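Scroll down for the structure; my scribbles are underneath it.
The values are calculated or read from the model by the stated rules, or taken from the named source; none is laboratory data. From a predicted model like this one, the values you see are computed outputs, not experimental measurements. Glycine gets a Cβ as well: all are built from the backbone with ideal geometry, and neighbour counts include every protein chain shown.
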Amino acid sequence: MYFYSERHRPSLLAFALLGSVGSLLGSTRAFAQEPAQSVTLDTLSVVGAGQGVESAYGPVQGYIAKRSAAGTKTDALLKETPQSISVVGEEQVRDQAATTIQEALRYTAGVNADAYGPSTRGDYPRLRGSDVAIYLDGLKLSDPGAFNEPRPEPYTLSRFEVLRGPASMLYGASSTGGLVNLVSKLPQDVPYSEIGVQFGNFNRKEIRGDTTGRLNEDGTLLYRFVGLGRLSDSQTDYVPYDRYVINPSLTWKPDASTNWTIIGLHQKDAYGASDAFLPREGTLYPGPNGLIPLSRFTGDRNFNTYETVTSSVTSLFEHRFSDALLLRQNLRYSHIEGTYQSVYGNVFGADTPFLDAARRTVGRYTYGRDAIRDRISTDTSAQYRLETGPVSHTFLGGIDVRQYYERARSGGGYDPRPFDLYTPTYVSVTPPTLSAEPALAQNQAGLYLQDQARLGSWIVLASVRHDWVNSNQRGSAAQTDEATTGRIGLMYEFANGMTPYVSYATSFNPVFGGGLCSGGLCKPLQGEQIEGGIKYNPLPWLSVNASIYDTVERNRLTSDPAGGFLSIQTGKVGIQGGEIEALVTIAGDTDIIAAYAYTDARVLSGDTIGARVESMPLHLASVWVKHRFSLFGIPGFQVGGGVRYLGESFDGSTNSFNTPAVTLADAMIGWEDAHWRAQINVSNIADTQYVSTCLSRGDCFVGTSRTVLGTLTYKF
């Protein structure tokens, strides 16, 4: 472990949170009871797990998950995993009307969900001060920082898992901040169908459907089909936000020991580039001309395009040889075609980038990139349970392989004609000439071993992995990297449901994809973390998790101060902090989620030593409450609301242009019976105009404005 004195220690509040969890919870037992369970699609288990019994690979029952495979790659209890994990289920996502992955994580501790606002270019949640990769069904789906990556539709997913801290010992590619693992909706044995429509501001119109059940009488073949179509504008002028998704799946389970699911996906996102890269003056603070409208479009309506077409096939196979031995293999092939065409203002490298004395106009850059990517990912593991005297073990051994191929053309230019940011006149630009980039092939292979051991109330989790990475870019020497990573965690389970833990883990995160780093291919990111925490889950209606951590990461990616879309790699950053998250169901009809995180992320080397890392608020806090009730003797009504506090964040360099804190409120009202569900959601009720972050290179990203959504669903 590296020790360093130049960093501030975590606030006393973070330590106090851990020390006081038990006393704070002692009085809640009398006010809650086991929530009543109704049989809906949300309470159905994954295939083969038994109805009403939660599986780590299936839906969450209500708001409080009990199991997850994210931290162990096994179907493990969350309270027996010595690492901080949050799980968001379908019900919570539906209640909050989350339309993107990052929106689904707004009420999750330690996640700066909308770090770059409502970007059409991707989901960019930041966790513990780091960008995080997104996994789907345990296989890596998208790389942070890359464009035209697959962007999953929340309606196709059953759970959203946030694993905090290093995960390289199981997944290979993982930052010190952690990762997000998504779980697909899978075929179910109990038939269920629904069709719904959604309307909202920005001319949003959407239709979607989900149907599942048996294909034959004995239930050895199950199906599911999820589909969605959307036509919409966005909060940025002249930027469309259209999507369609076709997501069929088929499960074959010839006996109780074998389960094989094939999932198909075809998705087209036909967007524009919503990020306007506005200057600090007029955005972060008013200039002599006031504030620039946050809906301002700085591009060319005839040129700006951000279109991604994803086609994939996923195989999830499981066979149980005996009660002790289980084999799993997950495999995915995906083909992605992306087009990125953008015109944006030159606001980089200067505090006052204006061309005129009146400080209204800027020049504009043009940028274009077409890319075709093919990916093959596979993860094969064997799980074996063994008793050695008083110690019970769950051993896991596996190998995963990831292959990546990219062919791309790119180019850029500069349009010196003044563009007025306050009263724009839109004129067409000359499209840049695109030149072929050197073809890129990257491969990663990893071997991992793990032991989950239990002796009485003591729990030990030990994992180790070795990775080999090879990157070949035509015309350049091959780049090879390898690393060994590991984790050791220790827990003790008290009779009252309290489980404290400590863990140490290291990370290795090779950066896949071209056109990302200045000077060529990026170096792998590496880091380490020590974490301590408490988990408290004595009954199904109550779950509390608290943790503190100390992290170092090297070769970190950050925005190039020269501007543009490339990144540079800093020497070393240190991140310390703590989180607490509580979920409770009171009297079976009121769900509460409360979360707080303190994150002190600082640069530890280079010219900006001591500066706080960009785009990560020092404080994040949120509370969400939903209540179910009857009105005039009619059951099924529900109301909900939440408050999110996003603390001050920093520009990552001089910390002279910090982004102010903001408090946002959300609300929902709905009604549901056996066949109908109607719901209205409003996020950012007050339509607070705010900036989500400003970077050291000079540009700012706007926050998400008020969004109103009405949803009507028929179930049959």
### Query
In segment 201-228, which residues are under 18 Å from Lys268 (Cα atoms), exposed (fewer than 15 other Cβ atoms within 10 Å of the Cβ) and not hydrophobic (A, V, I, L, M, F, W, C)?
Lys205
### Query
Within segment 70-83, is even one residue of a type in the set (A, V, I, L, M), assigned to a strand (DSSP E or B) and modelled with pLDDT of 90 or more?
yes
## Note on the structure
With the first residue restricted to segment 636-662 and required to be within 30 Å of Ala674 (Cα to Cα) and outside any loop (DSSP other than H, G, I, E, B), and the second required to be modelled with pLDDT of 85 or more and of a type in the set (Asp, Glu), Cβ contacts under 8 Å at 6 or more apart or on different chains are Gly636/Glu672; Gly636/Asp673; Gln638/Asp95; Gln638/Glu672; Gly640/Asp95; Gly641/Asp666; Gly642/Asp666
### Summary
Restricting attention to segment 383-414, the residues that are hydroxyl-bearing (Ser, Thr, Tyr) and within 15 Å of Gln444 (Cα to Cα) number exactly 2
### Task
Please work out which residue is farthest from Tyr367 (Cα to Cα), limiting yourself to segment 255-288 and to residues that are at pLDDT below 95 and polar (S, T, N, Q).
Thr283
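Does segment 366-383 include one or more residues that are under 30 Å from Ala436 (Cβ atoms), over 29 Å from the mean Cα position of the chain (by Cα) and part of a strand (DSSP E or B)?
Yes, that holds for at least one residue.
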### Query
Given the conditions (1) surrounded by 19 or more Cβ atoms within 10 Å (Cβ to Cβ); (2) in a strand (DSSP E or B); (3) polar (S, T, N, Q), which single one is not true for Ser311?
(1)
#### Entry: Extreme residue, nearest to Gly368 (Cα to Cα), among residues of segment 314-334 that are surrounded by 15 or more Cβ atoms within 10 Å (Cβ to Cβ) and out of contact with any Leu (no Cβ under 9 Å at 6 or more places or on another chain)
Tyr333
#### Entry: Members of segment 301-326 that are closer than 27 Å to Val702 by Cβ, at pLDDT 95 or above and of a type in the set (D, E, K, R)
Glu307
### Message
Please pick out the residue among Pro424, Pro438 that is in contact (Cβ under 8 Å) with a residue 24 or more places away in the chain, assigned to a loop (DSSP other than H, G, I, E, B) and either closer than 27 Å to Glu482 by Cβ or among the acidic types (Asp, Glu) (or both).
### Response
Pro438
### Task
Looking for whichever is surrounded by 14 or more Cβ atoms within 10 Å (Cβ to Cβ), closer than 28 Å to Gln198 by Cβ and not hydroxyl-bearing (Ser, Thr, Tyr) here; the options are Leu664, Leu695. Which one fits?
Leu664
### Query
Do we have any residue at all in segment 484-497 that's more than 25 Å from the chain's Cα centre (by Cα), more than 30 Å from Leu542 (Cβ to Cβ) and part of a strand (DSSP E or B)?
yes
#### Entry: Test: Glu217 is among the acidic types (Asp, Glu), outside any loop (DSSP other than H, G, I, E, B) and over 25 Å from Glu337 (Cβ atoms)
no
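Listed here are the residues, each with its yes/no results for (1) of a type in the set (S, T, N, Q); (2) modelled with pLDDT of 95 or more; (3) closer than 30 Å to Asp699 by Cα.
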| residue | (1), (2), (3) |
| --- | --- |
| Gln188 | yes, yes, no |
| Gly196 | no, yes, no |
| Asn201 | yes, yes, yes |
| Gly209 | no, yes, no |
| Thr212 | yes, yes, no |
| Leu215 | no, yes, no |
| Tyr223 | no, yes, no |
| Leu228 | no, yes, no |
| Asp233 | no, yes, yes |
### Message
Can you pull out every residue in segment 190-245 that is among the small types (Gly, Ala, Ser) and farther than 21 Å from Ala256 by Cβ?
### Response
Ser193, Gly196, Gly200, Gly209, Gly227, Gly229, Ser232, Ser234
### Message
Thr74 - would you say it is under 15 Å from the mean Cα position of the chain (by Cα) and touching a residue at least 12 places away in the same chain (Cβ under 8 Å)?
### Response
no
